[in-house]
1. With the requirement that a residue be part of a loop (DSSP other than H, G, I, E, B), under 17 Å from B:ALA345 (Cα atoms) and within 14 Å of chain A (Cβ to nearest Cβ), what does the stretch B:1-43 give you?
2. Return a yes/no flag: does the stretch D:293-315 have any residue that is under 20 Å from the mean Cα position of the chain (by Cα), more than 7 Å from chain C (Cβ to nearest Cβ), modelled with pLDDT of 95 or more and closer than 15 Å to C:PRO104 by Cβ.
3. With the structure loaded, tell me whether D:ILE55 is in contact with a strand residue (DSSP E or B) (Cβ under 7 Å, 6 or more places away or on another chain), crowded, with 18+ Cβ neighbours inside 10 Å and not aromatic (Phe, Trp, Tyr) or whether it fails that test.
4. Within the stretch A:255-264, work out how many residues are surrounded by fewer than 23 Cβ atoms within 10 Å (Cβ to Cβ) and assigned to a helix (DSSP H, G or I).
5. Among the residues in the stretch D:111-119, are any under 30 Å from D:LEU354 (Cα atoms), in contact with a strand residue (DSSP E or B) (Cβ under 7 Å, 6 or more places away or on another chain) and aliphatic (A, V, I, L, M)?
6. Do we find a residue being more than 12 Å from every other protein chain (Cβ to nearest Cβ) and among the acidic types (Asp, Glu) anywhere in the stretch C:114-128?
7. Considering only residues that are in contact with a helix residue (DSSP H, G or I) (Cβ under 7 Å, 6 or more places away or on another chain) and not β-branched (Val, Ile, Thr), which ones fall in the stretch B:131-143?
4 protein chains.
Amino acid sequence: MAGNLIGREFTITTFGESHGKVVGVLIDGCPAGLGLSETDFEEELKERIPDNPKIVSARIEKDVPQILSGVFNGYTTGAPLVIIVENREVQSGDYEVIKNLPRPSHSDYPARIRYGGFNDYRGSGRFSGRMTVALIIAGVVAKKLLAHYDIEVLAYTQAIGLIKSDKEVSLFECRKNRNATTTRCLDVACAEKMEAAIVAAKESGDSLGGVIECVTFNMPAGIGEPLFDTLDGDLAKALFSIPAVKGVEFGRGFRVAELRGTENNDAFCIQEGRVVTVTKNAGGILGGLSNGMPIVIRVAIKPTPSIVKEQQTVNLLTYENTQISIKGRHDPCIVPKAVPAVEAAVAITLVDHLMRSGNISKILKRP
Amino acid sequence: MAGNLIGREFTITTFGESHGKVVGVLIDGCPAGLGLSETDFEEELKERIPDNPKIVSARIEKDVPQILSGVFNGYTTGAPLVIIVENREVQSGDYEVIKNLPRPSHSDYPARIRYGGFNDYRGSGRFSGRMTVALIIAGVVAKKLLAHYDIEVLAYTQAIGLIKSDKEVSLFECRKNRNATTTRCLDVACAEKMEAAIVAAKESGDSLGGVIECVTFNMPAGIGEPLFDTLDGDLAKALFSIPAVKGVEFGRGFRVAELRGTENNDAFCIQEGRVVTVTKNAGGILGGLSNGMPIVIRVAIKPTPSIVKEQQTVNLLTYENTQISIKGRHDPCIVPKAVPAVEAAVAITLVDHLMRSGNISKILKRP
Amino acid sequence: MAGNLIGREFTITTFGESHGKVVGVLIDGCPAGLGLSETDFEEELKERIPDNPKIVSARIEKDVPQILSGVFNGYTTGAPLVIIVENREVQSGDYEVIKNLPRPSHSDYPARIRYGGFNDYRGSGRFSGRMTVALIIAGVVAKKLLAHYDIEVLAYTQAIGLIKSDKEVSLFECRKNRNATTTRCLDVACAEKMEAAIVAAKESGDSLGGVIECVTFNMPAGIGEPLFDTLDGDLAKALFSIPAVKGVEFGRGFRVAELRGTENNDAFCIQEGRVVTVTKNAGGILGGLSNGMPIVIRVAIKPTPSIVKEQQTVNLLTYENTQISIKGRHDPCIVPKAVPAVEAAVAITLVDHLMRSGNISKILKRP
Amino acid sequence: MAGNLIGREFTITTFGESHGKVVGVLIDGCPAGLGLSETDFEEELKERIPDNPKIVSARIEKDVPQILSGVFNGYTTGAPLVIIVENREVQSGDYEVIKNLPRPSHSDYPARIRYGGFNDYRGSGRFSGRMTVALIIAGVVAKKLLAHYDIEVLAYTQAIGLIKSDKEVSLFECRKNRNATTTRCLDVACAEKMEAAIVAAKESGDSLGGVIECVTFNMPAGIGEPLFDTLDGDLAKALFSIPAVKGVEFGRGFRVAELRGTENNDAFCIQEGRVVTVTKNAGGILGGLSNGMPIVIRVAIKPTPSIVKEQQTVNLLTYENTQISIKGRHDPCIVPKAVPAVEAAVAITLVDHLMRSGNISKILKRP
């Protein structure tokens, strides 16, 4: 099977390359009757890039989304949606030098083998963080669909390097403050330390990784398709499509390994006539199915592999060891930019499963 | 899409229930020409259950595999393979009491909603650890296919509760000692402590979780289908189908969040004419593609939710709070039994991707 | 993609071989809550074989269906259904002689290439008409689901060789008389001529083909997924899985090529408050979608390729021309046995599309 | 599953609407290394429309193909290919009148139900013959891939209304003369009669249908995936996605129903060291697999439903009977324009199956 499609009912195929003509997405299976216009995408794309030149790459695309198909009279038609943005801020010359010198911890080397050298290597081509723009565009559609059903997905930075935020923040603060800090951290004091850490890493020609947490509110119980199309499995799969993700965990995640059953089990109780759990260690998923509690996911993001410091690599033409110092415009830490990508990956997966279960219908009611 | 199938070229559908007639698997897309007989499955199924009554459930099935289709004259035909084992050691009466009282941190509650109460709840039905027998059977076929190409998958216990094994063990020791300890830990001294911890938990009516690590040797570079059918994404998805998995990470996993680019990047070098990396933080995957280094995966396993200690739950008929004490036969720690399931999930995913890339052909050469 | 699965929401994978242990089917995606027992299959399997030794093969299996999984307390659970019948009446020795001599117009030759010679060639293996038993079993489930929604699928013989039935028969007669004649023809006078034609062909060591028509009543309008998963396209695909089908047409089919628009167009009108068409040339499908009128399909069935008369073929070991006279037990005309297979293929495709559209829900209401 | 995608390895999703911004196609799974440029599409798109104003619609798009992604340095990269043409010659006002009056034998009525009235009805939207432009674009890529392997697909008009061509024409003439006649008939004398028939139908405000035959040369044996993803089944499915197709048959098709086994069976023989058949009744497919002989397919095309003559229909707002006379620009016979669409549908299906079998590799050799 060709491998650029995700989902079963609500399917997403991204296309385009970092330095090609466009980056875009084809969505098949979007319900008919969703109000949608190009302005819906503009805000999300604008917010994608933190307004802080100290911590982001010098390549700043003013992305102008164009809907090519699937919308008629302001509503989705049920036919495939195609939405593109053109690439403009391209400096491909930067990449010729690395054509035969794979950058450490980049996809350059395996991609060359996978595609027999025919792949567009400029700016990492299909493997660039730039491709998350297409994911985020799809996420806008998914989040609008979820909003119809009062389901809300919120991601935020939990850690950058060694700086970690443990402060509990309310949903209200979440909504309000997520984009208030340029590092997308809900804890303002912590956000300042994170920014300083990124600036310091950048100045030393180095980079930082971090952890993003994502919470989904109001997800109904019983969503998922065990044994194989589990909700957690499909969420994890979608999240690993974001470059730099190296781990995905739910609820208390890896920490459950150290707990006893008596500590980890979430007791059920009745609260306002609903079945809820007293604790939330499961992260909202049991047996591959949502259990009606908030879905809590954490993803580990590795430090940007593109760093200015000289590194050891090989020349793939001569098969000799050599050195590389990466030019081009790179983010010293991609965590803040990855936050909306995480939200998008989660939202499209949830929409897909909600459609599979029949909880999102194929034709939305006229407002 | 019906959700009980995984894979694209080498597809697995498991069927059966914990207390039903059989547990089985249908494999579609297995290459023709693989030597296969029922004895191939017997050893793996026998080794699945540690020979140690102190740490395993009292339900011990002597599983007798039957090949129903897809093998002719000792070789796979290319037609669907169906393999079953009958369930014999069933004590379903144990489960009637929990019909309307969902066990904490079990799938009982969301499954009831998902299937409108029609699901077979006896012994957790489809959600039982018993279903991993079907996965393991498929894994036997996958591992035989990988062996044709000299690829080897090995999983082992890395931690149980607070007991962790850090000792580096060679591949040779790996192969030899994996099943030498009943906890499936490569480090013998550590294995003893793990066993003691499980026994202690059992005696106190409690349970333990742990961490399983899985390493794949000799995987060629360039395997995977970005952007969505990434190798890491598909491995994670397969692994989350194993009950109790709450986290999946590759290489240094969540620890990369704390590293700088200079620390995390794996420099390339030429070694015996091959491109390799000096360090192995990536865990063998870059940009969703294998990079030719060993693939290293870790999964977090939660403590068995079935514990004897009384727990708080709800009655789903009356919507009142109540208590439950779980009878039935349960493992105080499922980590040792989950080790072959992890291996199976990894092996079937790798075979699928190797077939997609054409690295495993559809007709094997006659030996 | 492995190729033995059909459907998206209601998926069918058949397994087994003509002379193997079993023939069976795995159904994934069957709604929970359908009453189902082994007796449901017995009648259909019994009626499959016309009670008339003059026109059917001497191999008569008394098929005993066994449900291996997916049913609990008499209702489907929503988990995969596996149903098998054992093969008993096997005389495999008949087939050794044809191992290297492909029978004209049989799958022997391309199957040998496709599977590198590893395929089970006994009795045509996977390519045998025997495999339609698995399709028919799946069709029983599909027809029970359709019956919940008052949708009815009826197939019958329209032509055998040069004998054609043109008589219009009412739905009431349809239901009553379909299995009254051993050739499955609704027109009793015609049925007698068909039987005589088959007997004559058999006596001369020859065989006959024919045409089967299938009508579906009460199908709602708007079902189908253009542009590619069209209702007619998916019906055709399912029908071509029945051995010996060489053509599929809808409504007036190939005859529309000779009509003018004024002759072929079906005018709309209101009848009892419903939109209907005055004529029925479209066969119930427009633009890949059902239009609310009965769906009318015709399939062409070729004469049984296995004939006693000596035929020219080749020896695949020596690559020399040679002759073959086919022994074994064969039907002189498979049309009557193919009638329930056509019904099954249509029913499973309709269920699949009705589930995709949400018209059949994933949990049936308790009766 | 969202329904706008076809194929498994070489997948096609078309998008756009007749009167929307663009018509386009996304191809996923195209091998890397195929030389491809926009001029490759120009010729095919130009030839699509017979240069004969007497027999074609007044809407003539000068389609300018744009490759948006998937090509780098003149070669496909292995990433998704997106190719679009803009719609320019749009007169949407023509369609407002039919918004609530479904045209007889058009998709208007079922489409309105399927999409809850949100579908773009202008010019039939997604159901317009205009969408075949996207199919033809995909077909160009598929035919270039087939040409790498010396496989050639040729379709031509066999009948228009009552005018039928029976003359045998050589492959050489085929290649040379297919586009020599504006009706795409290989028999020049017959072509003139066909043209006259179309002109006569047009003048009387009526329309004609016809039959298209398609032959594929050099297809290797053993391609297909029984039992469900049969080669004939998948070809039929793809062909039914072309608007107006009402029947598909292989080889002698429906005529086999009248033949005896001795007449229909194709004897094997050795010819120049290859296994071939003496006769060609099977149309190149046995048991769902190619048998190495030319693949012969015929499709029935219905007369254009849009005719000037007044027809009876219903008003979907008032549920009253009414009349309609269809304005807009329509082809009096779409058969000539459907010829390249048939070729495209066949070519993309064959590429998909050749990739599934490994006969087309994922990376083409550099020329």
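1. Passing the criteria: B:GLY3, B:ASN4, B:GLY7, B:ARG8, B:GLU9, B:PHE10, B:GLY29.
2. Checked against the condition, which is being under 20 Å from the mean Cα position of the chain (by Cα), more than 7 Å from chain C (Cβ to nearest Cβ), modelled with pLDDT of 95 or more and closer than 15 Å to C:PRO104 by Cβ, the stretch D:293-315 yields no hits at all.
3. Judged against the criteria, D:ILE55 is not a match.
4. Counting residues in the stretch A:255-264 that are surrounded by fewer than 23 Cβ atoms within 10 Å (Cβ to Cβ) and assigned to a helix (DSSP H, G or I) gives 4.
5. no
6. Within the stretch C:114-128 (the criterion being more than 12 Å from every other protein chain (Cβ to nearest Cβ) and among the acidic types (Asp, Glu)), the answer is no, since none of the residues qualifies.
7. B:LEU135, B:ALA138, B:GLY139, B:ALA142, B:LYS143
Results for (1) touching a helix residue (DSSP H, G or I) at 6+ places or on another chain (Cβ under 7 Å); (2) of a type outside the set (Lys, Arg); (3) at pLDDT 95 or above, shown as yes or no for each residue.
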residue	(1), (2), (3)
C:PHE127	yes, yes, no
C:LEU146	yes, yes, yes
C:ASP166	no, yes, no
C:VAL169	no, yes, no
C:CYS174	no, yes, no
C:ARG178	no, no, no
C:ASP187	no, yes, no
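The values are calculated or read from the model by the stated rules, or taken from the named source; none is laboratory data. Predicted model only: the values in this text are computed from it and were never measured. FYI the Cβ positions are ideal-geometry reconstructions off the backbone, even for glycines, and counts take in every protein chain you see.
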